[in-house]
1. Criterion first (β-branched (Val, Ile, Thr), free of Cβ contacts under 8 Å to residues at least 24 places away in the same chain, touching a strand residue (DSSP E or B) at 6+ places or on another chain (Cβ under 7 Å) and at the interface with chain A (Cβ under 9 Å from one of its Cβ atoms)) does B:Ile175 satisfy it?
2. I'd like to check which helices (runs of 4 or more DSSP H) are fully inside the stretch A:1-120 and have at least 3 residues that are of a type in the set (Lys, Arg).
3. Restricting attention to the stretch B:402-418, which residues are among the polar types (S, T, N, Q) and buried (at least 22 other Cβ atoms within 10 Å of the Cβ)?
4. Can you pull out every residue in the stretch B:178-193 that is part of a helix (DSSP H, G or I) and more than 7 Å from chain A (Cβ to nearest Cβ)?
5. Inside the stretch A:229-241, can you point out the residues that are more than 7 Å from chain B (Cβ to nearest Cβ) and closer than 30 Å to A:Glu92 by Cα?
6. Could you pull out the residue among B:Arg329, B:Arg294, B:Arg346 that is within 22 Å of the chain's Cα centre (by Cα), in contact (Cβ under 8 Å) with a residue 12 or more places away in the chain and within 23 Å of B:Cys443 (Cα to Cα)?
7. Could you grab me the full set of residues in the stretch B:239-256 that are out of contact with any helix residue (DSSP H, G or I) (no Cβ under 6 Å at 6 or more places or on another chain) and farther than 15 Å from B:Ala159 by Cβ?
Amino acid sequence: MKVRLLHPDRDVPVGEPLPDHAEDLAADLELDSLIEAMAGDDDHIRRVARWLLLAGAEDRAVIAHRQAVMADALAAPAAVESMYRVATEALEGRRRLFFGRFGSSPETVLMQARRLLDLLVATLRRLRRVADAHRQHLGSSGLAGLCDRLDTELDEDYLDVLEGHLEELQLEEGVLLSAKLGRGNAGRDHVLRRPPQQGRLAKMLERERGGLTFTIPERDETAARALAQLRERGLNDVANVLAQSSDHILDFFRVLRDELAFYLGGVRLHRALSQQGAPSCWPELTEVADVLATESLVDAALALRIPEVVGNDVDATGRPLVLVTGANQGGKSTFLRSVGQAQVMAQAGLPVAAARFTTTLAPRVLTHHTREEDPEMESGKLDEELRRMSAVVDAAAPGALVLCNESFSSTNEREGSEIARQVTTALLDAGVRVVYVTHLYELARGFTERDRDRVLFLRAERGEQGQRPYRLEEGEPLPTSFGADTYQQVFGADLSVDAEER
Amino acid sequence: MTFRSLLWDEASAPTSRPGEPECFGDLHLDQVVAEVVRGREDYDLAPLLHQPLGDPAMIAGRQRVFSDLEDDDVAQAVSTFSERMRRMRRYQGLARRRHQAEERQRWFLDAAQVYLDAVRGLRDALAAHELGSEGLQALRDHLDALIASSSFAALARDAAAVAEALDEVRYAIAIKGRRVRVRHYEGEPDYLAEIEEAFAKFRERDAKDYRAQLPPESQMNGVEERILGLVAQLFPETFGQLATFTERHADFADPGVLTFEREAQLFLGYRKHVRALRNAGLPFCYPTVTPGARTVTIEDGFDLALARKLASQGTVPVTNSLRLGPGERVAVITGPNQGGKTTFARMVGQIHHLAALGLPVPGRRVEVGLADQVLTHFEREESLDTLRGKLEDDLTRIRGILDRATADSVLVLNELFTSTTVSDAVALGHDILERIRGLGALCLYVTFLDELAEAGPETVSLVGEVSPEDPTARTFEIVRRPADGLAYAAALAQRHRLTYDHVRERLRA
């Protein structure tokens, strides 16, 4: 049984190790607040949503598949919610029955697996009925296709056959094994044969087959154990098949729950953002290089905290480098995050927090943000920055999107600019897109002189008071923001605004 | 021709069991032995590796056997044979020890069948090959005669007939509660397959294996023994045939075949070792071993134990050569710590012992004398109470070595007298070297004392090299040139940026 809600052709390996840069990505883009909004108190949603956002990009067909399922989920949330509930109950069944762990002897495994399968087969019946009830509201190949598969593959006759086997496997008439002679004349190739039938006629038939018999005396426990061992030779494989089958059915429910969890989370995030008045749209993903165009793109993490945030309109199409300079507190980081979030959400199959968002599909989204730790060990900090940038370069590939926030500001301006210029130019030449927020004037000025065709320059202006975040405007870097920035760094407060307030 | 032995001439087989030579620990030959005998513990091979041969003809004989076994097909044939013989013995053991008659009889039949396979398989494989050694030629003739004998033919015929009859037996066991019925099998359908089929559509990936680890089927319990008794009653003719077989062929294994089996293990075990290192790119050769030879040639030799260790880590040791002309009997090795001095000395000792066993040795070309013994003195790990006690211990051990050594002995002495002052150590070292020169024994002397390297015409100075580009890098090459303690000092200075150039440069900054 295939679920196929996240990918048209295969299961998505949720839980496999994430790329090395994933944790940096989550922290730098504040993805965890989005994930919180998706999950609430549901750990499964948290786990699945986090993995899907961080695991990296799929191709456009997969994204389209998810967008269609997501659209179904937004239109008919009850379908997703009720199937999710059935799957969750099935998964709790095993723990309820025997603390989630099979015993060690074949007899015990057989008994436990049989009881668990009784429960799972009943749950499958329920799932099919729930799916049938919601089918009419669904149009995506993912969700509607799943409901159709449940309907045809788990028909009542088939489920009756399974229940018949489970009944017979109580083995009330004992077991029948066949064997050959092996080395040392020990029995080999023990095969469990269809169990002796109940009823008088069957018993008569069995007697007619003759043979030689013996009975183990009541008190002979050694012999009783030896007989049990022989019986286990016959039951070992069938117990295994039953236990594995229960695992397979549980696997199906687990995949179902995980895949539904993502869409349930998507519905919740969408609701939360709408309530805050944030814009929402289906992103356009293209394979044309160097496309990035936004209207009212907002930082979704910020939008979850503050209502009615103002977004940015940017068109960097044909410009692989977006270089953002300007005042602190001017919305530079917010913009950088909003680009990263939208790219990641779009590539996971979610709607994004913008009125319009068009972007080139990026095989990787990578971040390199300045870090707060070790403020006193400047040389160690540059070393640490270089090490992380080296990891970014390791992970980058043509088409990747690299988001830099004040990278190489831990050393002096000239050195930092030179390192940054060399790294950035090399990335652009390799076909990597870069959005770079910096107060390194040397770096920015260098690009205005040498490489301006490839760069969109944005500048953060300190806007009117109370307007947060501030919109970015196109504009080349200005050298004057220096003193204020330095002051800000030293005193932790903004020079001009504070002066006016005073 | 009747086969007697791969290892010894008619008269020379040792009568007593030799112990491990004292040098084995120091030379790491104990590790080599452990590697060679691993998986062959039943054959008690270690003594064969402890006993050097005194006769060059026997050495040449063993080298020819080994050379025959270099052929992969021949070696594979002997391995397959040995494995079958081991299995045969295991089955014979069961045929004696098990309690149930039909079980014992069947183990006996199984042992006989494995034996037949072993002997015939080996004969067929050897028939297809040109054999250069007297040892294996004699074995082949022996096997031909054995297989042509009427008793062997009868064994083969009877075993096949009984086994076929037993293979056709099929029976069924019905168990209900404590009652067991044994009867003929009537074609009832496989129930497992039905269940698998029913649940197949949920199988999306590999599943955990929930099968319990049951005792192997071949280990019968009391109930199974009882069932076997009933099966025998259901098939009386077949089991009668089996009983007759065991009486008719009570003692089927040939003694010559058994001797060959044990002796071949020495070659197979060593061959495996050689093969692994050759694959890693290291050379082995058949040494020329001349009694009384006064020159030594080793081209691209290496320490066998170290090579094994490095090979398991995916690397190989640096190979080293040694050439000692007529009259050059003492090689003094100096150079940086951890630079491969001890390894080099160990290599020379190993090669002499292995050459005297008639085995291939590490190296591209090796010509050595026939060593009557290899004697070693390596610094001991345990610390004695006082330095004086340690010096005394050193000298006592040296004394013992010198008492036993002859002109045909090889001495490997490693860092003597570290417990005393340098001037004492130089004086003692000169004295010991003088005594060794008096004996005419071959000696490898590893020391940190450059003075000892200039002791006279019989003495050759070897130095552990450092790389000219990076003085801190050790090359592990040992080359023949005057001792020069400065190379090491320069290396240390470089590492600490304290050479002349460094110090100038740093002062300029």
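1. Details: β-branched (Val, Ile, Thr): yes; free of Cβ contacts under 8 Å to residues at least 24 places away in the same chain: yes; touching a strand residue (DSSP E or B) at 6+ places or on another chain (Cβ under 7 Å): yes; at the interface with chain A (Cβ under 9 Å from one of its Cβ atoms): yes.
Criteria met by B:Ile175.
2. Working: elements: A:22-28, A:31-39, A:43-54, A:60-75, A:77-98.
Once the helices (runs of 4 or more DSSP H) in the stretch A:1-120 are filtered for at least 3 residues that are of a type in the set (Lys, Arg), what remains is A:43-54, A:77-98.
3. Applying the first criterion (among the polar types (S, T, N, Q)) to the stretch B:402-418 yields B:406, B:409, B:414, B:418.
Hit for the stretch B:402-418 is B:Ser409, nothing else.
4. Of the stretch B:178-193, the ones part of a helix (DSSP H, G or I) are B:191-193.
If the condition is that a residue be part of a helix (DSSP H, G or I) and more than 7 Å from chain A (Cβ to nearest Cβ), then B:Ala193 is the only one that fits.
5. The first filter runs over the stretch A:229-241 and keeps only residues more than 7 Å from chain B (Cβ to nearest Cβ), leaving A:234-235.
If the condition is that a residue be more than 7 Å from chain B (Cβ to nearest Cβ) and closer than 30 Å to A:Glu92 by Cα, then A:Leu235 is the only one that fits.
6. On the way: B:Arg329 fails: within 22 Å of the chain's Cα centre (by Cα); B:Arg294 fails: within 22 Å of the chain's Cα centre (by Cα).
Result: B:Arg346 is the single residue among B:Arg329, B:Arg294, B:Arg346 that is within 22 Å of the chain's Cα centre (by Cα), in contact (Cβ under 8 Å) with a residue 12 or more places away in the chain and within 23 Å of B:Cys443 (Cα to Cα).
7. B:Gly240, B:Pro255
Conditions tested, residue by residue: (1) hydroxyl-bearing (Ser, Thr, Tyr); (2) more than 24 Å from B:Asp44 (Cα to Cα); (3) surrounded by fewer than 21 Cβ atoms within 10 Å (Cβ to Cβ).
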{"position": "B:His249", "(1), (2), (3)": "no, yes, yes"}
{"position": "B:Asp254", "(1), (2), (3)": "no, no, yes"}
{"position": "B:Phe260", "(1), (2), (3)": "no, no, no"}
{"position": "B:Asn279", "(1), (2), (3)": "no, yes, yes"}
{"position": "B:Leu322", "(1), (2), (3)": "no, yes, no"}
{"position": "B:Ala345", "(1), (2), (3)": "no, yes, no"}
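The values are calculated or read from the model by the stated rules, or taken from the named source; none is laboratory data. Since we're looking at a predicted model, the values are computed, not measured. Ideal geometry is used to build each Cβ from the backbone, glycine not excepted, and the neighbour counts take in all protein chains shown. Note: accessible area is taken over every heavy atom of the protein model, side chains too, but ligands, DNA and RNA are not part of it. Shrake-Rupley method; radii C 1.70, N 1.55, O 1.52, S 1.80 Å.
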